[in-house]
C-alpha cells in the first residue's frame, strides 16, 4: 500500500542527490511546498526539466506520508529557458523561486501562493512583470497570514491618497496623515492600491515594502537572511 | 571475508563517481589480481598526482606545473578568455579542440542552496587578468541553467565597465538532436538563437 497524488507544480529549488538523482522542492497547487526525490533528475534529460521556475505536472508517491517520496515529473511550461537571455527577468524568476523556497512551510497547502507564483511566471512574457512580481510577494504575505491592509488610512479612515504603510501595523496611511512621520513610514507605491503598472521607482518601493514584512514576520523569526537572489533583484531596481 | 586493506580500498573506490559498492568491490578485486600491471602503477600514479598536481594560480586549472600547461603555452590565443564553471567544463572544451584561447575557472556558480555569492567567484582575480590589457574578448561558457545563466549575467555586468567584449555560448539543438526528442525549453532557445543561412 502506498500514498500517491498528482498535482500541478512549479519547481522552486533542486539539489543534486548522488550521481544522477535530484531532490526537487516543488510548490504544488494542493499540497504546498513539497520535496521529493527525482530519479535521473540530475542527469542529462532531468536537468533541463528541473530548472527553477518551470511549470510541471508532478506525480508523487511514497510508502508513508512522512517519507521524502519520489516524483515523476513532466514539463508543462519551460519558463526558465524563456528568460535565460534576459538578466532582469532571469533575476526575477530566481528571486521568486528563492523567496517561495525560503518562506513557505513544507507540506502545508498554500493554493493562493501557487496561483500568484504561476501568474507571475506567465507575466514574465509581458512588460508588466515587475508589478506582478510585487503582487506575488504581497499574495505570499497574505497567504502566510501577514497580509497588509491597504484598504483605508489607519489614522483617518480615508480610502484615497494612500501613500505610506505603517511598519508597525502593516496598515496603509494617507499622505496627509503620514506627513509628520513620513521618515518612519514605508512608501506605498500607487499601483498596489490603484492597479496598473508601476514605474521603476514604484517597483523599488514595492520590493522594499514586501521585503520589510517578509523579513520581519517570516525570515527573521527563523534566523534566516533574505535570499541572495531576492537581494540581487532589489539591487537591479536601486540602480 | 577480506582483509582490512582490501576493505579500505573498496571503501575508497566506492566514493568515486560512477562506482557503487558492488562495482568498487569488482574494481578492487581486479586491481589485486593485476598487482604488477595495474595495482602498483596505479598506486605510483596516485602518489605522483597527490604530490605534484596543484591548482594553477592564473586560471584555476589543475596541472603539475604552475602556471598550467595552457597558461604557459605561447601558441595559444592570448586575446580570448573563456570563463567556465569548473575544471570539468575546461576539460570538455579542451577535448573538443574548438577553442585555442585561455581559460578562467570560476570554481562554482551563484547558488542560494550552496551559499555561493558573487564574492566567492573570484571576480576580482578575473577583472585583474582583464585589466592587464591583453584580453579582447571574454566568452562566458557557463551551463544553460538558471544558476549558470544568472552567474553569466553577473560576471558580464562585472566586466562591462572594463570595456572588454563579452559573449556567451549559444543554446539550441545539439548535433545529432532530433526536434521530436528535445524539451520545449531547448527548442524555444534554438528558435530565439536562429541564424541566417
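Below, the figures for the structure above:
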quantity: Flag if residue A:92 is buried (at least 21 other Cβ atoms within 10 Å of the Cβ), within 14 Å of another protein chain (Cβ to nearest Cβ), outside any loop (DSSP other than H, G, I, E, B) and touching a residue at least 24 places away in the same chain (Cβ under 8 Å); calculated: yes
quantity: Criterion (within 14 Å of chain B (Cβ to nearest Cβ) and either in contact (Cβ under 8 Å) with a residue 40 or more places away in the chain or farther than 15 Å from residue A:14 by Cα (or both)) met by exactly one of A:110, A:79; calculated: A:79
quantity: Matching residues, region A:172-207, being surrounded by fewer than 16 Cβ atoms within 10 Å (Cβ to Cβ), more than 18 Å from residue A:157 (Cα to Cα) and free of Cβ contacts under 8 Å to residues at least 40 places away in the same chain; calculated: A:183, A:184, A:195, A:199, A:201
quantity: Any chance residue B:93 is modelled with pLDDT of 95 or more and farther than 17 Å from residue A:85 by Cα; calculated: yes
quantity: Out of B:196, B:144, sole residue that is out of contact with any strand residue (DSSP E or B) (no Cβ under 6 Å at 6 or more places or on another chain) and more than 9 Å from chain A (Cβ to nearest Cβ); calculated: B:196
quantity: Test result for residue A:47, within 23 Å of the chain's Cα centre (by Cα) and modelled with pLDDT of 95 or more; calculated: no
quantity: Single unsatisfied condition, residue A:136 versus (1) in contact (Cβ under 8 Å) with a residue 40 or more places away in the chain; (2) buried (at least 20 other Cβ atoms within 10 Å of the Cβ); (3) part of a loop (DSSP other than H, G, I, E, B); calculated: (3)
quantity: Condition check for residue A:60: farther than 30 Å from residue A:236 by Cβ and surrounded by 23 or more Cβ atoms within 10 Å (Cβ to Cβ); calculated: yes
quantity: From B:84, B:155, residue being in contact with a strand residue (DSSP E or B) (Cβ under 8 Å, 6 or more places away or on another chain), more than 14 Å from every other protein chain (Cβ to nearest Cβ) and buried (at least 17 other Cβ atoms within 10 Å of the Cβ); calculated: B:84
quantity: Among (1) outside any strand (DSSP E or B); (2) in the same structural domain as residue B:163 (by TED's automatic domain parsing); (3) within 18 Å of the chain's Cα centre (by Cα) - the single one residue B:81 does not satisfy; calculated: (1)
quantity: Test: residue in region A:118-133 that is out of contact with any helix residue (DSSP H, G or I) (no Cβ under 6 Å at 6 or more places or on another chain), closer than 22 Å to residue B:190 by Cβ, in a loop (DSSP other than H, G, I, E, B) and not assigned by TED's automatic domain parsing to the domain that holds residue A:49; calculated: yes
quantity: Residue in region A:63-85 that is in a helix (DSSP H, G or I), closer than 30 Å to residue B:190 by Cβ and at pLDDT 95 or above present; calculated: no
quantity: Those residues of region B:136-150 which are touching a helix residue (DSSP H, G or I) at 6+ places or on another chain (Cβ under 7 Å), within 20 Å of residue B:61 (Cα to Cα) and not in a strand (DSSP E or B), in sequence order; calculated: B:142
quantity: Hits in region A:185-239 - residues which are within 14 Å of chain B (Cβ to nearest Cβ), more than 21 Å from residue A:144 (Cβ to Cβ) and not in a helix (DSSP H, G or I); calculated: A:239
quantity: Complete set of residues in region A:20-31 that are more than 21 Å from residue A:94 (Cβ to Cβ) and either outside the structural domain of residue A:7 (by TED's automatic domain parsing) or in contact (Cβ under 8 Å) with a residue 40 or more places away in the chain (or both); calculated: A:29, A:30, A:31
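Residue-wise test of (1) surrounded by 16 or more Cβ atoms within 10 Å (Cβ to Cβ); (2) within 12 Å of chain B (Cβ to nearest Cβ).
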{"residue": "A:18", "(1), (2)": "no, yes"}
{"residue": "A:32", "(1), (2)": "yes, no"}
{"residue": "A:36", "(1), (2)": "yes, no"}
{"residue": "A:53", "(1), (2)": "yes, yes"}
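The values are calculated or read from the model by the stated rules, or taken from the named source; none is laboratory data. Note that the structure is predicted; figures quoted are calculated from it, not measured. So basically every Cβ, Gly included, is an ideal-geometry build from the backbone, and we count neighbours across all protein chains shown.
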